[in-house]
Amino acid sequence: MANLPPLCRHLHIEDGFGPEEQQVQLRRRVLTRRLVLVRSTIVVPSRNLERIATQIWRLSRRRVRYIPNGIDLARFATPSNTSLQARIPGDGPIIGTVSALRPEKNFQRLLRAFRIVTEQVPARLALVGDGPERPALERLARDLGIADRVHFAGHVAAPAPLYGVFDLFAVSSDTEQMPIAVIEAMAAALPIAATDVGDVRTMLAPDNASFICPMDDAALAASLLTLLRDPCLRQRIGAANRAKAARDYDQETMFQAYAALFDRQR
């Protein structure tokens, strides 16, 4: 807004929204973006955000640039953190997730789905991350009778080695755009059961598409159960996800895209 009227070229990066805009864009924010970004270059990491920028904010398509997120894939070739594995109670394959424990991530849905899972197969659940929802989630795990199979790992500054402990990765969110944790799980060669939010479906390898589900406890549980019951399927889908991450989401590709954009802004 300090660049009104335009004093210099402006690059604006938009990567998502809070829970207050997970269903609909707030009108005052839409109008503000239309006003202040009309002469800016806007970078978005997801096709969903690209659609919002051009159709809802009504920004010029020629000013909106899609640059997907990228990560250092080599970090996910490191040995697994077996100390985490030892702390996860129970037996069976490990479902993992890595995220701040916030309402829009809807880990209550994941816990309810996990309870359905444990009624049919032995499994364990690890939630890596911390946040305001943790006390409520811990209570829910106790109320559902699954606390002896759920481990709250808390915040981990460098979680890359933890992915190697997981047998599959879960996303239960109500809203996402292009979640870094999904790319990290792909880099770690994990299959993913996820709600159909943001760009998650198109991010994953085609082999993983049937495990993207509606925002429903039973549907998420069904995706988890199919993967838990078939180690060969998990391995095949995980390898396909790893290959797609290497092709599309390496950080060097992202760096080059931004460098080219910065050069054009000079």
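Select from region 53-85 the residues that are among the β-branched types (Val, Ile, Thr) and not in a helix (DSSP H, G or I) and write down the one among them that is surrounded by the most Cβ atoms within 10 Å (Cβ to Cβ). Quick ask: steps written out before the conclusion?
Let us first name the residues in region 53-85 that are among the β-branched types (Val, Ile, Thr), namely 54, 56, 64, 67, 71, 78, 82.
Now narrow it down to the ones that are not in a helix (DSSP H, G or I): 64, 67, 71, 78.
Details: VAL64: 22, ILE67: 17, ILE71: 18, THR78: 13.
Looking at residues that are among the β-branched types (Val, Ile, Thr) and not in a helix (DSSP H, G or I), I get VAL64.
For beta carbons closer than 7 Å, sequence separation of 6+ or different chains, a first residue in region 126-154 that is in contact (Cβ under 8 Å) with a residue 40 or more places away in the chain and a second that is among the basic types (Lys, Arg) and buried (at least 20 other Cβ atoms within 10 Å of the Cβ), the qualifying pairs are ARG149/ARG124. Filtered by the rule that a residue be surrounded by 13 or more Cβ atoms within 10 Å (Cβ to Cβ) and farther than 19 Å from ALA113 by Cα, region 209-233 gives a lone residue, LEU233.
Quick one: count up the residues across region 217-265 that are more than 17 Å from the chain's Cα centre (by Cα), in contact (Cβ under 8 Å) with a residue 24 or more places away in the chain and not in a helix (DSSP H, G or I). Selection size over region 217-265: 1.
Being in the same structural domain as ILE94 (by TED's automatic domain parsing), among the polar types (S, T, N, Q) and closer than 23 Å to VAL24 by Cα is the requirement here; does THR202 meet it? So THR202 fits the description; yes.
The one condition from (1) within 20 Å of GLN85 (Cα to Cα); (2) surrounded by fewer than 16 Cβ atoms within 10 Å (Cβ to Cβ); (3) among the aliphatic types (A, V, I, L, M); (4) at pLDDT 95 or above that ALA136 does not meet is (1).
Quick check: anything in region 45-52 exposed (fewer than 12 other Cβ atoms within 10 Å of the Cβ) and part of a loop (DSSP other than H, G, I, E, B)? Walk me through it before giving the result.
Residues of region 45-52 exposed (fewer than 12 other Cβ atoms within 10 Å of the Cβ): none.
No.
The values are calculated or read from the model by the stated rules, or taken from the named source; none is laboratory data. No experiment lies behind these values; they were computed from the predicted model shown. Neighbour counts are summed over all protein chains in view; Cβ atoms, including those assigned to glycine, are modelled from backbone coordinates with ideal geometry.
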